[in-house]
Amino acid sequence: MSNQRRPLIAGNWKMNGLAAAAATELKALVAEAKNHSAPNCDILICPPATLVREMAAVTSDSAVEIGGQDCHGNESGAHTGDISAEMLKDAGASYCIVGHSERRADHDESNATVKAKAEAAHRGGLIAIVCVGETLAEREADKTLEVISDQVKNSLPSGATAANTVIAYEPVWAIGTGKTSTPDDVAAVHAHIRKELGSLLDDSDKMRILYGGSVKGSNAEELMAVENVDGALVGGASLKAVDFWPIVATSI
């Protein structure tokens with residue numbers, strides 16, 4: 001982890017959480033954060049859109065920030081069921097995940113779609129967390145770096161900077177499976193992403209690259225110590241404060 005890049009530990013609650021129980025867990029996380037008056041990392045929770053406003057109220061005046069899990073490319077319009085970046089911002093979000101592997105797979109989102117959503121996040125005043133990652137078939141075919149290059153080059157909008165964009169590498173085969181890339185594998189992919197960013201951005205050395213893929217308290221310290229790993233995008237282990245805080249603690 002680089003001293004020049006402030007770590008970001010982000011929790012993605014996915015389609016989980018009802019108001020009362022979610023507030024209880026988030027209050028516990030806020031209490032932990034307040035025990036560290038100046039955490040050396042950014043802490044983020046991305047709840048379902050139905051909870052963004054309420055969870056933003058819970059985390060106000062704390063070190064914990066709230067983000068969205070997805071946004072539409074347009075500011076408004078006839079897009080039933082969708083939510084815009086401006087709506088997320090209005091509800092209290094400061095970040096938005098775009099291009100998560102589950103969106104790419106389950107909703108057939110292309111790099112062009114992800115790019116449009118990242119642009120929308122920037123337009124709405126949100127920091128975009130742009131996800132990239134290979135499937136098991138692509139890894140076994142030795143296409144990991146090829147796939148990552150394609151996604152990085154074609155998912156980042158022209159206005160992307162280290163201030164408004166974060167990259168999250170999530171090997172699809174490791175999400176929710178309990179499988180995790182080895183530190184050497186993670187180092188190789190993150191170094192490759194850093195190299196690709198160097199050809200695209202003026203401030204590539206400052207852009208944060210997160211690792212996501214069955215990150216938990218037992219492996220977080222080892223993963224966060226890998227060069228070019230600037231934090232984590234955490235799924236299941238972010239649902240409960242008692243599981244999420246040990247991951248945050250590796251970076252404070």
Among the candidates 110, 158, 101, 94, which residue alone is out of contact with any Cys (no Cβ under 7 Å at 6 or more places or on another chain), under 16 Å from residue 46 (Cα atoms) and polar (S, T, N, Q)? 94
Could you list, in sequence order, all residues of the range 18-56 that are assigned to a loop (DSSP other than H, G, I, E, B) and either over 30 Å from residue 190 (Cβ atoms) or of a type in the set (Lys, Arg) (or both)? 18, 35, 37
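Which of the following residues is crowded, with 16+ Cβ neighbours inside 10 Å, modelled with pLDDT under 95 and either touching a Leu at 6+ places or on another chain (Cβ under 8 Å) or of a type in the set (Gly, Ala, Ser) (or both): 214, 204?
214
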I'd like the full set of residues that are out of contact with any Ser or Thr (no Cβ under 9 Å at 6 or more places or on another chain) and charged (D, E, K, R), limited to the range 173-190. 184
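Here's the yes/no breakdown for (1) touching a Pro at 6+ places or on another chain (Cβ under 6 Å); (2) farther than 30 Å from residue 92 by Cα; (3) of a type in the set (Val, Ile, Thr):
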| residue | (1), (2), (3) |
| --- | --- |
| 115 | yes, no, no |
| 118 | yes, no, no |
| 125 | no, no, no |
| 129 | no, no, yes |
| 141 | no, yes, no |
| 148 | no, yes, yes |
| 151 | no, no, no |
| 157 | no, no, no |
| 162 | no, no, no |
The conditions are (1) at pLDDT below 95; (2) of a type outside the set (Gly, Ala, Ser); (3) in contact with a Cys (Cβ under 8 Å, 6 or more places away or on another chain), and residue 140 fails exactly one of them. Which is it? (3)
Scanning the range 29-47 residue by residue, those surrounded by 15 or more Cβ atoms within 10 Å (Cβ to Cβ), out of contact with any Lys or Arg (no Cβ under 8 Å at 6 or more places or on another chain) and either under 23 Å from residue 102 (Cβ atoms) or hydrophobic (A, V, I, L, M, F, W, C) (or both) turn out to be 29, 30, 33, 43, 44, 45, 46, 47
Single residue of the range 162-201 satisfying the filter (under 23 Å from residue 250 (Cβ atoms) and charged (D, E, K, R)) that is modelled with the highest pLDDT: 194
Any pair with Cβ under 7 angstrom, 6 or more apart, that starts in the range 72-99 at a residue that is under 19 Å from residue 14 (Cβ atoms) and ends at one that is hydroxyl-bearing (Ser, Thr, Tyr): 72/84; 99/155
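The values are calculated or read from the model by the stated rules, or taken from the named source; none is laboratory data. Just so it is clear, the structure is predicted and the values come from calculations on it, not from any experiment. Positions of Cβ are backbone-derived with ideal geometry, glycine not excepted, and every protein chain shown enters the neighbour counts.
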